[in-house]
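All remarks here apply to the structure that follows.
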Amino acid sequence: MIKLKEVALCLRAVNYSDTSQVVTLLTREHGKIAAIAKGARRPKSAFDGAIEPFAYGQVMVMISESHDTLSTLTEFVQSGRFRSLRSNLAAMHAGLFALELTEASFEQSDPHPTLFDALVDMLDRLGQYDKMQAVLPVLIDYQLTLLDEAGVAPRLDACTNCGAPTGSGGKDLYFSSAANGLLCGGCEQAFTEKRRLSPACCAMLNRRAAFTAAPPALLTEAEQLLVYHFTELMHRPPKMAKYFVTRANAMS
């Protein structure tokens, strides 16, 4: 095993026994790590108590050289940086959704420092808001960054099939996850798997600086589109998606 000391964020934690947990950590320099935290559920442990999603701080891990074997977490000095997220439902759900998508999008030992920094920044930003309308722009921005880092960023500036620009004409556009991007009116009939996308939402998605000023209806449309895209990429609906989009619909 290789001894690793790193800054890490807990993406997921499940109880393994009466005293231990299995955790999925995202580290900045070494990517995703699945590890067993022996004794984490005991009142006194080397992990500052039981480990939960959003836990952030310095970890010491004995890295397994086989992806079929869990690494061993030996120390976790938690900073409490994102503890406030649990006091607000909208921010907590957006954060948990981001953690779920991040875990599902990458294999172990596949480092993405830019993504790690973006996720930490996103969680910091979420802690400043208590309403869904303020939370959605932060979530959507991170989801687009995640797709880019995973190498599956959809094309949103032109038809992915023929390359025709899609920024004029005022007609509804289409988005196909299978095509990984937009489809113009002349190409959409060749694709059975697609969703309608308004020109206004398309324009917003191409101007990320405009997210915070976007009307609730456009934010909801964009989030529904991204949920559909992640569902197709993951071959299953994300666990947080149904509840989260339901709340977004209530906002619009």
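The values are calculated or read from the model by the stated rules, or taken from the named source; none is laboratory data. This is a predicted model, so every value here is computed, not measured. We place every Cβ from the backbone using ideal geometry, glycine too, and count neighbours over all the protein chains shown.
For the stretch 123-136, give me the residue count where each residue is surrounded by fewer than 20 Cβ atoms within 10 Å (Cβ to Cβ) and among the hydrophobic types (A, V, I, L, M, F, W, C). Adding up the residues that qualify gives 1. Given (1) assigned to a strand (DSSP E or B); (2) touching a Cys at 6+ places or on another chain (Cβ under 8 Å); (3) of a type outside the set (Gly, Ala, Ser), identify the lone condition not met by residue 74. The number of the failed condition is (2).
Being surrounded by 22 or more Cβ atoms within 10 Å (Cβ to Cβ), closer than 23 Å to residue 111 by Cα and modelled with pLDDT under 95: is that true of residue 51 here? Considered against the rule, which asks whether it is surrounded by 22 or more Cβ atoms within 10 Å (Cβ to Cβ), closer than 23 Å to residue 111 by Cα and modelled with pLDDT under 95, residue 51 comes out as yes. Quick check, is residue 120 modelled with pLDDT of 90 or more and buried (at least 21 other Cβ atoms within 10 Å of the Cβ)? Considered against the rule, which asks whether it is modelled with pLDDT of 90 or more and buried (at least 21 other Cβ atoms within 10 Å of the Cβ), residue 120 comes out as no.
Filtered by the rule that a residue be aliphatic (A, V, I, L, M), within 16 Å of residue 147 (Cβ to Cβ) and surrounded by fewer than 19 Cβ atoms within 10 Å (Cβ to Cβ), the stretch 87-117 gives a lone residue, 104.
As for the stretch 47-54, it holds no residue that is within 30 Å of residue 133 (Cβ to Cβ), charged (D, E, K, R) and in contact with an Asp or Glu (Cβ under 7 Å, 6 or more places away or on another chain).
Residue-wise test of (1) part of a loop (DSSP other than H, G, I, E, B); (2) in contact with a Phe, Trp or Tyr (Cβ under 9 Å, 6 or more places away or on another chain).
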{"site": "117", "(1), (2)": "no, no"}
{"site": "142", "(1), (2)": "no, no"}
{"site": "152", "(1), (2)": "yes, no"}
{"site": "156", "(1), (2)": "no, yes"}
{"site": "196", "(1), (2)": "no, yes"}
{"site": "201", "(1), (2)": "no, no"}
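Of the residues that make up the stretch 55-64, is at least one of a type in the set (Phe, Trp, Tyr), over 20 Å from residue 15 (Cα atoms) and in contact with a Leu (Cβ under 6 Å, 6 or more places away or on another chain)? Looking for residues that are of a type in the set (Phe, Trp, Tyr), over 20 Å from residue 15 (Cα atoms) and in contact with a Leu (Cβ under 6 Å, 6 or more places away or on another chain), one finds none in the stretch 55-64, hence no. State yes or no: is residue 114 within 20 Å of residue 7 (Cβ to Cβ), touching a residue at least 60 places away in the same chain (Cβ under 8 Å) and of a type in the set (Ser, Thr, Tyr)? Criteria not met by residue 114.
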